[in-house]
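Structure first, commentary second.
The values are calculated or read from the model by the stated rules, or taken from the named source; none is laboratory data. Just so it is clear, the structure is predicted and the values come from calculations on it, not from any experiment. Cβ sites come from the backbone with ideal geometry, for glycine too, and all protein chains shown count toward neighbours. Protein only, heavy atoms only, side chains kept; ligands, DNA and RNA dropped before computing areas. Shrake-Rupley method; radii C 1.70, N 1.55, O 1.52, S 1.80 Å.
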Amino acid sequence: MKKYYRFTRRRTETARYVTIGLVFVALGVLAYFYLTGGAIWCGVLAAVGALIAVLPQFVIHARYGVEGDTLYYTKRGIPRKTPVSEAKAALICVHDEYRGMRGYTPALSDRNYSEGAVPLPAILFLRGVKTDELDLCETRTQAKLVHKGQVLFDALLELDFLDDLMKSSFAGKLYVSERVYGMYRRVLDEIVGEERLEVYDRIPAAFKNLQK
């Protein structure tokens, strides 16, 4: 089974937490020489630094995959597996990630397209779908907020994984945002099939009902 990374900025985030961890270790060394009871402070700060440097790596480098009847993924750094049948639907939207002071921003492809860099897609596996609120699910973070309690896991969508998913026993429905479908239509139709995709837009369901 091939596994895929759930997030993009792995090198940057790895460097960030390793650097913070080393700062704590350095403070521990200084405490050893300059503070009363320095040996205790050194041990505490060094332990905290090691935890900061190591523990986030299990999340940063988390991976996922599918094989037969089972989805494999990690949640809060802990490996898990779930029957594919538990996912009643999958939702494809724009993948966004936390970027410090900039907040959550779309992850962009590093490939050069005629229209410039394009947002990368995300996939969320859901136990249930709030179809009347899909207009709010433009990005991964928004979709998670809308479907709080219904998300099995979410990840950066690798198109090879989507191909693996279609070859598995997954029988749920696939919802894709109009924005993502517009950018990846050809490959999504090829892998999934147009008849199995339901495209949603940003027009509220209540407004659509008024128009009928």
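When only alpha-carbon atoms count, how far does the chain stretch along each of its three principal axes, as whole angstroms with the largest first?
Result, largest extent first: 76, 36, 35 Å.
How long are the semi-axes of the equivalent ellipsoid of region 78-180, defined as square roots of 5 times the Cα gyration tensor eigenvalues? Whole Å, largest first.
23, 17, 14
Are there DSSP H segments in the chain that both extend 20 Å or more along their axis (alpha-carbon positions) and score a mean Kyte-Doolittle hydropathy of at least 1.6? List them, or say none.
38-54
Work out the length of the dipole vector of region 1-145 about its Cα centre, built from +1 on the beta-carbon of each Lys and Arg and -1 on the beta-carbon of each Asp and Glu, and round it to the nearest 20 debye.
Magnitude of the dipole: close to 400 debye.
Can you compute the FRET efficiency between Glu133 and Ile78 using 1/(1 + (r/R0)^6), with r the Cβ-Cβ distance and R0 = 41 Å? Round to the nearest 0.05. Spell out each step's value before the answer.
Details: r = 29 Å, r/R0 = 0.71.
Step by step, r from the Cβ atoms, then E = 0.90.
Give me the extension gain from Ala26 to Thr12: residue separation times 0.36 nm, minus the current Cα-Cα distance, reported in nm with one decimal.
So the extension gain works out to 2.9 nm.
Of the heavy-atom accessible surface of the chain (probe 1.4 angstrom), what whole percent is carbon and sulfur?
Accessible surface attributable to carbon and sulfur in the chain totals 57 percent.
Listed highest first by mean packing, meaning other Cβ atoms within 10 Å per residue, what order do 125-134, 80-89 come in? Numbers along the way, then the final one.
Numbers: 125-134: 17.6, 80-89: 15.2.
In decreasing order of mean packing, 125-134, 80-89 become 125-134, 80-89.
Counting heavy atoms of the protein chains only and a 1.4 Å probe, report the per residue accessible area for the chain as a whole number of Å².
Accessible surface, normalised per residue, equals 58 Å².
Taking a spot 7 Å from the Cα of Val187 along the direction of its beta carbon, which residues of region 147-169 have an amide N less than 13 Å from it?
Residues passing the 13 Å test: 157-164.
Taking the Cα-to-Cβ direction at Lys2 and at Arg196 and moving 7 Å from each Cα, how far apart do the two end points lie in nm?
1.7 nm
Which ³J(HN,Hα) values, rounded to whole Hz and listed in residue order, are derived for region 64-71 from phi using the Karplus coefficients 6.51, -1.76 and 1.60 in 6.51 cos²θ - 1.76 cosθ + 1.60 with θ = phi - 60°, glycine and proline given as x?
With coefficients 6.51, -1.76 and 1.60, one gets 8, x, 9, 8, x, 9, 10, 9 Hz.
Tell me, what is the FRET efficiency for Tyr104 and Glu67 to the nearest 0.05, using R0 = 30 angstrom and their Cβ-Cβ distance as r? Walk me through the numbers on the way to the answer.
Numbers: r = 31 Å, r/R0 = 1.03.
For R0 = 30 Å, the calculated efficiency reads 0.45.
Dividing the alpha-carbon Rg of region 56-107 by 2.2 N^0.38 Å yields what?
Numbers: Rg = 13.7 Å, N = 52, 2.2 N^0.38 = 9.9 Å.
Dividing the Cα Rg of region 56-107 by 2.2 N^0.38 Å gives 1.39.
List every residue whose amide H lies under 5 Å from the amide H of Ala122, counting only residues 5 or more places away in sequence or on a different chain, with H placed 1.01 Å from N in the peptide plane.
Cys93, Val94, His95, Leu157
Run the quick spin-label model on Val54 and Ala117: label points 7 Å from Cα toward the beta carbon, then report their separation in nm to one decimal.
3.4 nm
Would you calculate a helix-derived [θ] at 222 nm for the chain, using -39,500 (n - 2.57) for each DSSP H run of n ≥ 4 and dividing by the full residue count, to the nearest 500?
The helix-only estimate for the chain comes to -12000 deg cm²/dmol at 222 nm.
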